[in-house]
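What follows draws every value from the coordinates through simple rules; no lab data is involved. Everything numeric in this text was worked out from a predicted model, so none of it was measured. Note that each Cβ is placed from the backbone with ideal geometry, even for glycine, and that neighbours are counted across all protein chains shown.
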Amino acid sequence: MKKTLLVPIILSLSLILHGQSRLDSLFPVRGLCIAAPTPAGLDSFLYFIEHELVPRHVNTLVIRIGYRYEFKKHPELIDDHALSEEDVKRIVRVCRARGIRVIPLINMLGHQSWYSDVNKLLEAYPQFNETPWVPLDAGIDSWPNKWGLYCLSYCPLHPDLHKVIFDVIDEITEVFESDAFHAGMDEVFYIGMDERCKGRDPAELFAGEVRAIHDHLSCQGKELWIWGDRLLDGKTTGMGEWDASFNNTWRAIDMIPKDVVINDWHYTRPYPTAAYFAIKGFRVITCPYRLPEVALEQLHLMESFRNSAPDAMRPRYMGIMETVWTSAENAIDQFYGRKDATHPRGGSWVETFKTIFGEINRTSPMH
């Protein structure tokens with residue numbers, strides 16, 4: 001090839017690499033959290049990754065897999081529409097080829113049901129239930145209700161619990177070839193209630209479970225990611241019981257390892273809590289959902305924190321991750337306009353995603 005032909009190619013590659021480097025320096029994590037597809041929806045999911053995530057330079061994909069995988073160690077936990085090992089490997093191969101880090105998510109501690117629709121762990125092991133007296137045949141499907149039931153929790157002190165969930169964590173991180181695991185741990189309303197836990201400090205119980213999962217992963221060189229709401233004081237701050245804690249788990253922030261990665265979600269107001277987590281020593285990712293104007297403020301806050309932080313703190317501001325709270329099939333249909341993406345309380349994850357990634361990529365010389 002002639003030298004004159006090489007020059008524009010080299011210049012083009014240089015611009016691409018420079019643009020990518022600038023994006024990485026501004027927002028090291030540019031993520032999406034979405035449910036795992038069903039086997040029937042896998043091809044559409046892979047198309048979405050290739051044609052929507054890659055061009056927008058998404059580099060992190062948190063997949064809410066739950067128990068929708070064909071577990072070999074614990075087949076009793078396999079949920080409906082489970083992915084096979086080869087299904088997962090197809091996701092892994094596409095993401096790896098495109099430089100996207102994949103992190104599987106299975107809810108630990110809380111979110112063991114959706115109201116009275118019990119998830120596979122407590123269905124298979126009802127002895128792990130933190131509140132066995134709540135009648136799950138009562139058809140509870142709304143909040144608030146007389147039982148105070150939003151989502152069930154498991155008992156973190158049950159002697160047989162960790163053998164099961166550690167097997168699950170190991171198998172799912174192995175098949176996803178992931179160096180991190182997302183344990184959820186948001187909206188834990190039931191804690192410190194059964195006979196093992198009653199009278200114990202909710203903060204110590206919450207922190208103990210974080211440490212147990214963290215230490216198990218750490219021995220394998222893997223990171224723990226969790227949502228950050230239970231580590232915020234909902235009463236003092238006025239953020240309330242959803243964005244933050246009313247049951248005193250917030251004090252656990254001083255009891256857990258500093259290398260836990262905090263996913264700091266707020267969906268209706270741009271609370272500047274990323275700074276609080278960073279000051280406490282944690283790496284933090286801001287997580288918006290459905291309101292584009294709120295997400296833009298969150299994005300600019302993250303950028304401002306990162307730009308103005310002392311050198312020791314700057315790496316703790318890791319970036320931003322859009323969250324999607326519907327099935328992968330619904331989400332993709334909404335994205336392509338086949339279904340209405342408007343949320344009942346206003347906004348749209350699709351518009352939010354397009355807005356924040358449009359703003360992120362506006363800073364790149366590649367655009």
Note, E171: beta-carbon cut-off 11 Å, +1 each Lys/Arg, -1 each Asp/Glu, net -3
Relative contact order %, the chain, counting alpha carbon pairs below 8 Å whose residues are six or more apart: 18 percent
Students often check this: by mean Cβ neighbours within 10 Å, which of 236-242, 149-155 ranks highest, and how do the rest follow? 149-155, 236-242
May I ask you to list the trypsin sites (Lys or Arg not before Pro) in segment 298-360 that are in a DSSP loop and have at most 13 other Cβ atoms within 10 Å of their Cβ? R338, R345
Pairs of Cα atoms under 8 Å, at least six residues apart: use those to get the relative contact order of segment 221-328, whole percent. 21 percent
What is the percent of Cα-Cα separations in segment 299-361 that go past 13 Å? 68 percent
How many lysine pairs in segment 29-362, separated by 8 or more positions in sequence or lying on different chains, have Cα atoms less than 27 Å apart? 27
Under the helix-only model (-39500 (n - 2.57) for each DSSP H run of 4 or more, divided by the residues of the chain), the mean residue ellipticity at 222 nm, to 500 deg cm²/dmol, is -11000 deg cm²/dmol
Counted charge near L23, where neighbours are those whose Cβ lies closer than 15 Å (Asp, Glu -1; Lys, Arg +1): +4
A correct fewest-to-most ranking of C33, C219 by other Cβ atoms within 10 Å would be C219, C33
Where is the GNM fluctuation largest for the chain (alpha-carbon springs, 10 angstrom cutoff): G110, G184, G221? G221
Quick check on segment 34-184: what does the Kirkwood estimate of hydrodynamic radius come out to from the alpha carbon pairs, in Å? 16.6 Å
For segment 66-76, what does the Karplus curve 6.51 cos²θ - 1.76 cosθ + 1.60, with θ = phi - 60°, yield as ³J(HN,Hα) per residue in whole Hz, taken in order and with x for Gly and Pro? x, 9, 8, 9, 7, 4, 8, 6, 9, x, 5
Taking H placed 1.01 Å from N in the peptide plane, check which residues at least 5 places from D233 or on another chain put their amide H under 5 Å from its amide H. S245
Springs between alpha-carbon pairs under 10 angstrom, Gaussian network model over the chain: which of V94, V188, V62 fluctuates most? V94
